[in-house]
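Let me begin by presenting the structure, written as structure tokens, before commenting on it.
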Amino acid sequence: MEKISVKEYGEVALVRLNNGVTNSLTLQLVVEMAQALDFVKQRFKGLVLGGGDKFFSMGFDIPSLLKAGQEEMAGFFNGINQVWLDLYTLPVPTVAAVKAHAIAGGTIFAIMCDWRVAASGRTLFGLNEIKLGVPVPYLSDLVLRQLIGERAADEMVFTGEFLDSAAALENGLVDQVTEKDRVEDLAIQKAAQLAALPGPAFREIKSMRTERIAALYKENHEQRNARFLQLWFDEKTRPILEEAAEKF
């Protein structure tokens with residue numbers, strides 16, 4: 001795999017986004033992440049999701065996705081939402097190791113995990129989709145509201161503002177903040193600790209948290225995803241996205 005790497009730490013797999021400095025999300029990365037999650041589910045008892053030293057992930061690769069036609073973009077968007085759902089419901093403990101900025105899709109990847117360890121200082125989280133003229137993807141909105149509550153979620157998605165790791169810890173978006181060079185080690189330790197628990201009991205407890213969100217998404221995702229795509233291709237949205245693409 002080119003965009004994803006997998007490294008073994010005993011019964012825990014460190015799955016790392018590996019798509020350049022920004023770790024932007026492309027169709028190839030989505031395909032490889034789906035393969036990696038399937039591999040982990042079969043071979044390991046825990047997963048740590050890592051990223052880069054400058055960006056955990058900057059989110060969608062807007063420059064390349066702006067060139068995609070409607071069918072290709074729909075394939076990407078539906079595919080990445082399925083990857084997020086698979087990560088959220090993965091029947092093993094999952095821990096996000098966020099050493100650097102997690103923007104938009106980067107934050108979404110992090111909140112799909114069971115636990116999040118972030119680097120101290122100016123490590124930014126946020127869902128800035130509204131500033132790009134599109135809604136927060138439906139699944140991520142559901143998970144965010146479950147994680148931090150309605151009012152805190154409203155503040156994030158309606159303003160599109162970023163939080164540093166201290167603020168993210170305060171509102172429950174992350175669970176632990178530490179020095180950057182300790183993030184992955186602590187995430188691996190946490191995953192191993194959770195993986196040592198009785199597996200069938202862990203899976204049953206986790207399903208109690210995830211099954212309602214998964215059911216809501218499956219029931220409504222076609223309509224919600226279609227609306228996202230409609231706004232992505234809206235003539236008023238395209239100039240905003242083109243301006244954002246220049247920052248990549």
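Averaged per residue, what accessible area in Å² does region 68-189 show with a 1.4 Å probe, protein chains only?
I get 36 Å² per residue for region 68-189.
Ratio to report: Rg/Rh of region 132-245, with Cα atoms as the point set and Rh obtained by the Kirkwood method; give two decimals.
Rg divided by Rh gives 1.05.
For the chain, what's the radius of gyration and Dmax over Cα atoms, in angstrom?
For the chain, the Cα-based Rg and Dmax read 16.9, 53 Å.
Please give the charge dipole size of region 141-236, origin at the Cα centre, charges +1 on K and R Cβ atoms and -1 on D and E Cβ atoms. Round to the nearest 20 debye.
Roughly 460 debye for region 141-236.
Length gain on complete extension for the stretch Lys131 to Ala215, per 0.36 nm per residue less the alpha carbon to alpha carbon distance?
Roughly 27.4 nm would be gained on extension.
Which one of Pro137, Pro198, Pro91 has the biggest mean-square fluctuation once the chain is modelled by GNM with Cα springs under 10 Å?
The residue that fluctuates most here is Pro198.
With a 1.4 Å probe and every protein chain kept in, tell me what percent of the accessible surface of the chain is carbon plus sulfur.
The value for the chain is 50 percent carbon and sulfur by accessible area.
Gln223 to Lys54: extension gain in nm, 0.36 nm per residue of separation minus the Cα-Cα distance?
The span from Gln223 to Lys54 would gain 57.3 nm if fully extended.
Restrict the search to region 140-248; then list the trypsin sites (Lys or Arg not before Pro) that DSSP places in a loop and that have at most 11 other Cβ atoms within 10 Å of their Cβ.
Counting only loop positions with at most 11 other Cβ atoms within 10 Å, the trypsin sites (Lys or Arg not before Pro) in region 140-248 are Lys236, Lys247.
Lysines within cross-link reach of Lys45: Cα-Cα under 22 Å, excluding same-chain residues under 8 positions apart?
Straight-distance partners of Lys45: Lys7, Lys190, Lys206.
Quick one: angle between helix 70-88 and the longest Cα principal axis of the chain, in degrees between 0 and 90, rounded to 10, please.
Here the helix axis deviates by roughly 20 degrees.
Measure nothing but the geometry: give the 0 to 90° angle between the long axis through the Cα atoms of 183-195 and the longest principal axis through the Cα atoms of the chain, rounded to 10°.
60
Could you give the dipole magnitude of region 78-231 about its Cα centre, charging the beta-carbon of Lys and Arg +1 and that of Asp and Glu -1, in debye to the nearest 20?
Dipole of region 78-231, to the nearest 20 debye: 180 debye.
Have a look at Val48, Ile62, Gln28 and report the one farthest towards the positive end of the charge dipole of region 16-96, computed about the Cα centre with Cβ charges (Lys/Arg +1, Asp/Glu -1).
The residue sitting most towards the positive pole is Val48.
Give the accessible area for Glu246 in Å² (nearest 10); use a 1.4 Å probe, count only protein heavy atoms, and leave out ligands, DNA and RNA.
150
Taking each pair of distinct Cα atoms in region 147-205 once, what is the resulting Kirkwood hydrodynamic radius in Å?
Here the Kirkwood hydrodynamic radius works out to 13.8 Å.
The values are calculated or read from the model by the stated rules, or taken from the named source; none is laboratory data. Since this is a predicted model, take the numbers as computed values, not measurements. Using ideal geometry, Cβ is built from the backbone for each residue, glycine included, and neighbour counts are taken over all protein chains shown. The accessibility values were calculated without ligands, DNA or RNA, using every heavy atom of the protein model including side chains. Shrake-Rupley method; radii C 1.70, N 1.55, O 1.52, S 1.80 Å.
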